[in-house]
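The structure appears right after this line, and notes come after that.
The values are calculated or read from the model by the stated rules, or taken from the named source; none is laboratory data. Please read all numbers here as calculations on a predicted model, not as lab measurements. Cβ sites come from the backbone with ideal geometry, for glycine too, and all protein chains shown count toward neighbours.
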2 protein chains.
Amino acid sequence: MSMGINHELYKVFYWAAKTGSLTQAARKLYLTQPSVSHAIKQLEERFGVTLFSRTARGVELTQEGAVLYSYIEQSQMLITLAEEKMAALRNLESGELRIGGSDSLFKHYLLPYLEKFHERYPGIRLHLNHGTTPEIIGFLKEGRIDLGVARMPIVDPQIQATETYQLQDCFVAGMRYAHLKDEVLSLERLLEYPIILFSRNSRARMTITEVFQSRGLSLRPEIEVGSVDLLIEFAKRGLGISYVAKEFVTKELEEGVLFEVRIDVPLPPARVGILTMSNVPLSGAASAFIELVCEGNGNRNV
Amino acid sequence: MSMGINHELYKVFYWAAKTGSLTQAARKLYLTQPSVSHAIKQLEERFGVTLFSRTARGVELTQEGAVLYSYIEQSQMLITLAEEKMAALRNLESGELRIGGSDSLFKHYLLPYLEKFHERYPGIRLHLNHGTTPEIIGFLKEGRIDLGVARMPIVDPQIQATETYQLQDCFVAGMRYAHLKDEVLSLERLLEYPIILFSRNSRARMTITEVFQSRGLSLRPEIEVGSVDLLIEFAKRGLGISYVAKEFVTKELEEGVLFEVRIDVPLPPARVGILTMSNVPLSGAASAFIELVCEGNGNRNV
DNA sequence: TTATTCCCATAGACATTGTCTATATCTCCT
DNA sequence: AGGAGATATAGACAATGTCTATGGGAATAA
C-alpha cells in the first residue's frame, strides 16, 4: 500500500544513524548493505527530504535527519524496552498475579502454594483480593483478577471451574460441650444445641441447609458470622456448635480446644476449585500458578 | 530473517488495541481483517504470550497485551509526531536556517532577502552567525551553519561557492576632504592621504593591496578597523579616506556626508557568493533561501 | 603519483512473506 | 432458530524485501 510508512524502515534508519554507517547498520540487522541503502532511500523519498549526507567513511545525519532521529531514537528505545519486558513476562521474571478468594481458603488452602510460587517466581507481584464467591465471579468478569478460588459448583457459563481440592465440613464444639465428645448425634439432637453458621450466601451454608431440609428439618442458626475465624472463635468460647471445614480447624482439634461433634448422617465433601474466565486466555503467571496447585493432586487444568 | 520482530507488526497491534477490533484496525490500515489477524498472531507467537482475548464483539487486551500496549502506544505517538514534523520540515512550515556572514553583508545585502524569507516561511527560525570568511568556512565544515555569504573567490575544494552579487569597492571621504570632490586622483596622490582599511585578513583588503602592488606601490593604512560601520564612521569624521563597497554607503553618499574619491585606475568588482559544503546535501530551508536570493539575478544554484 | 581499501549507489534476479479471497466458526441479539 | 458481526484458517498470488554482482568516489598508504 502507498498509505503510511513501513515502520520497519525506522528500525533501519535508527541503526544507520546510530552507527553512522550503512554497512554497520546492515551488520547489526543481519542484512546486506544494499538493503539498508535501499531502505534509507525509501524513507528519503517518502519524506521528500535528505536524511543523511554520504561521506567516504560512512553517513552523517543532515539537519532534517537529526530531527527525525530525535523522535525515532526514543521510539526505538521504547520498543526495545517493550521487547525486554515481554521476554520477562514470558519467563515469569516479571508481572503480576491477581487471585480472588475467601480469607479462609487463602489461609488454609492456598497459603503454601502462594509461598512456593513466590519463591519460584520472585519477580511476580501477588495481589490477593478477598471476597465472597459472587464477588469473586464479579471480579473475574471485570478482569480485576486472573483467577479465583471458591467452593463448587459454580453455575455461570462464562466461568470455568476446575476442582482441585476437597474439604470435609463437620460440626465442632468447644469444651463447654465436652459431654458430646463420645456421642454420635442425630440431626434432631443436634438442633437442640445452638448452631453457628457462616453467612447466608455461602456455599457451605447452602449445602448444610439442604441436608437438613431433605430430612424435613429446618436449620436455623443461633449465630451467623461472616468469617471462618469467628466461626472457630465462637465455638471455642462455647457459644455453640460451628459448622466448618475440618481442614480449617486441624490445629484446634489437635490441641483439643475443639472437638468434632459426630452425627449419624454422612456429610457430602465440599469441592473447592479454581475459577477462571472461559473465554479469556490465562496470563503466564496464572497458568504457572494453576499448574503449581494441580501438580500435587493429579488434576489437570484445561 | 528470524532475528528481531518486524516493527510493522507493532503498528498493527497499536491499532488493534486502540480500536478494540481487528476489523476496524484493518480499516484504519487499509488492510483486510485476515491480514490483521495474521499480524497479531505473529506477534503472539514471537512473544510466546497471548495479547488479546477474542470476544464476540472484538478483541480485548490481556494483562500481557496491556503491558505491551503501554510501551507501544508511546512509541507510535513518537512516530506520528516524527512524521508530522518531517512533513512540516518538507513544507518549510518548521525548521531552522543557519547562515554565516559578515555584519556588513547581512546588513547591506542579505537583509531584504531575510525579510522576504521570514515573511514567506514564518515557521522557520533564522540564526545569523557573523564571522570572518575563514570562520564561516570553519562553521560550514563543522556543520554549524547551513550556508555562508562571503566575498569570492573561495579556494577550498570542500566548499561550493555560487556568485550571486557584485560589489563595487571605492574610496570615500567625508567633508573634511571636500576639496577632492571634483578631482580624479592617481594612486600616488591617494597615498598622500590617510587611508582607512578593513582588517588584514579580509578579502577586500587583499584585493586593494594587490592593485597597489601591481603598480609598485605599497598601501599602508593609517587606521585599520574590524567593521564596515567603523570604516564609514571614521570617514565621516574626517579621519581619513576609507575603502569600502559603494553599495554599503549609498545612504551616506546620497545624504552628502560622504563622497566618492575617484581614482584614475579601474577597480575590479568584488564578487559576493553563497557558500555551501560540496558534499553535504542542503536542507529544504537552505535551498529555498538560495533560490530566493538567486531569483532576482538569474543565477542558478547547483 | 598509483594502488588499495572502504564506503555507498545501482541494477536485476529471486524468494520471502505480506496480502487477499473464500470459507468456517463462534457469540450475541432479535 | 436465524441473522449479523466478529475472528480464525487455508491457500493462492503478487508485492516487495533481500540478495549477488558491480560500479564509482574518496580517503589512505606506498
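Against the definition (in contact with a helix residue (DSSP H, G or I) (Cβ under 6 Å, 6 or more places away or on another chain) and either exposed (fewer than 15 other Cβ atoms within 10 Å of the Cβ) or modelled with pLDDT under 90 (or both)), how does B:Gly238 come out, yes or no? So B:Gly238 fits the description; yes.
Does region B:31-46 contain at least one residue that is outside any helix (DSSP H, G or I), at positive phi and free of Cβ contacts under 8 Å to residues at least 60 places away in the same chain?
no
For region B:82-103, does any single residue satisfy the condition of being within 30 Å of A:Ala288 (Cα to Cα) and away from DNA strand C (no atom under 13 Å from the Cβ)?
no
Only residues that are more than 7 Å from chain A (Cβ to nearest Cβ) and of a type in the set (Gly, Ala, Ser) were counted in region B:67-88, giving 3. Within region A:33-50, the residues that satisfy the criterion of being within 11 Å of another protein chain (Cβ to nearest Cβ) and among the β-branched types (Val, Ile, Thr) are A:Val49, A:Thr50.
All of B:Asn91, B:Asn129 fail the test of being surrounded by fewer than 21 Cβ atoms within 10 Å (Cβ to Cβ) and out of contact with any helix residue (DSSP H, G or I) (no Cβ under 8 Å at 6 or more places or on another chain), apart from B:Asn91. What do you reckon, is B:Glu96 more than 7 Å from every other protein chain (Cβ to nearest Cβ), away from DNA strand D (no atom under 16 Å from the Cβ) and closer than 18 Å to A:Ser75 by Cα? When the stated conditions are applied, B:Glu96 does not pass them. The residues in region B:1-28 that are among the aliphatic types (A, V, I, L, M), within 8 Å of DNA strand C (Cβ to nearest atom) and not in a loop (DSSP other than H, G, I, E, B) can be counted, and the count is 3. Scanning region B:1-57 for residues that are more than 26 Å from A:Ile72 (Cβ to Cβ), surrounded by 14 or more Cβ atoms within 10 Å (Cβ to Cβ) and acidic (Asp, Glu) returns no hits. Reported count of residues in region B:281-301, each being under 25 Å from A:Arg54 (Cα atoms), modelled with pLDDT under 90 and surrounded by 13 or more Cβ atoms within 10 Å (Cβ to Cβ), is 1.
The helices (runs of 4 or more DSSP H) falling completely within region A:171-242 that include 3 or more residues that are under 16 Å from A:Ile263 (Cα atoms) map to A:187-190, A:203-213.
So, of the residues in region B:32-67 that are near DNA strand C (Cβ under 10 Å from one of its atoms) and more than 51 Å from the chain's Cα centre (by Cα), which turns out to be modelled with the highest pLDDT? The extreme case among them is B:Arg54. Residues that are assigned to a helix (DSSP H, G or I), buried (at least 18 other Cβ atoms within 10 Å of the Cβ) and not hydrophobic (A, V, I, L, M, F, W, C) within region B:58-72 comprise B:Gln63, B:Glu64, B:Gly65, B:Tyr69, B:Tyr71, listed in sequence order. The residue list A:Lys116, A:Lys141, A:Lys85 contains one member that is in the same structural domain as A:Pro34 (by TED's automatic domain parsing) and surrounded by fewer than 20 Cβ atoms within 10 Å (Cβ to Cβ), which is A:Lys85. If we scan region A:208-221, do we find a residue that is touching a Ser or Thr at 6+ places or on another chain (Cβ under 8 Å) and more than 20 Å from A:Leu111 (Cβ to Cβ)? Yes, the conditions are met somewhere in region A:208-221. Looking only at residues of region B:51-66 that are out of contact with any helix residue (DSSP H, G or I) (no Cβ under 6 Å at 6 or more places or on another chain) and within 7 Å of chain A (Cβ to nearest Cβ), we find that the one that is farthest from A:Ile145 (Cα to Cα) is B:Thr55.
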